[in-house]
Amino acid sequence: QVQFVESGGGLVQAGGSLRLSCTASRNTFSILIMGWYRQAPGKQRELVASIGRSDSTNYADSVKGRFTISRDNAKNTMALQMNGLKPEDTAVYYCNALAPALRATWGQGTQVTVSS
């Protein structure tokens, strides 16, 4: 089963930027529709962006125009460029397949903290 490792989180001031990375353990990554998810304290995990095999993208309304998802199938990686960060973006961010039946066990994620 493919596994995913997230990195790139940190502490940033409101209005700042971060770039998250996701690395897959197997090259079957390229056939997956992938997503970036986040979970804030006391809230359910939510999908913030997804990218298809042909690089079609979708974004949650809350991040549209600020976040950009991308993937490099040759390197089994995916990225999330986050600009104009807001305190409400504070969460642990995860990457995983979009389809529940194809998801790997959730990793540790990467913490993003945005100070006001």
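So for the pair L11, A74, with labels modelled 7 Å out along Cα→Cβ, what separation do we get in nm?
3.9 nm
Stokes-Einstein diffusion coefficient for the chain at 4 °C in a medium of 1.567 mPa s, Rh from the Kirkwood formula over Cα pairs: what value in µm²/s? Please list the in-between numbers first.
Details: Rh = 14.0 Å.
My calculation gives 93 µm²/s for D.
Apply the Karplus curve 6.51 cos²θ - 1.76 cosθ + 1.60, θ = phi - 60°, to the phi angles in segment 54-71 and return the couplings in whole Hz, x for Gly and Pro.
9, 6, 5, 10, 9, 9, 5, 4, 5, 10, 4, x, 10, 9, 9, 9, 8, 9
Which percent of Cα pairs goes in each bin when the distances of segment 53-116 are cut into 10 angstrom slices starting at zero?
The distribution over segment 53-116 is 17, 48, 32, 3, given as percents.
Can you give me the accessible area per residue for the chain, using a 1.4 Å probe, in Å²? Working shown, then result.
Details: 6080 Å² over 116 residues.
With the other protein chains kept in place, the chain gives 52 Å² per residue.
The values are calculated or read from the model by the stated rules, or taken from the named source; none is laboratory data. Quantities reported herein were computed from a predicted structural model and do not represent experimental measurements. Backbone-built Cβ (ideal geometry, glycine too); neighbour counts: all protein chains shown. Accessible surface areas use protein heavy atoms only, side chains included; no ligands, DNA or RNA. Shrake-Rupley method; radii C 1.70, N 1.55, O 1.52, S 1.80 Å.
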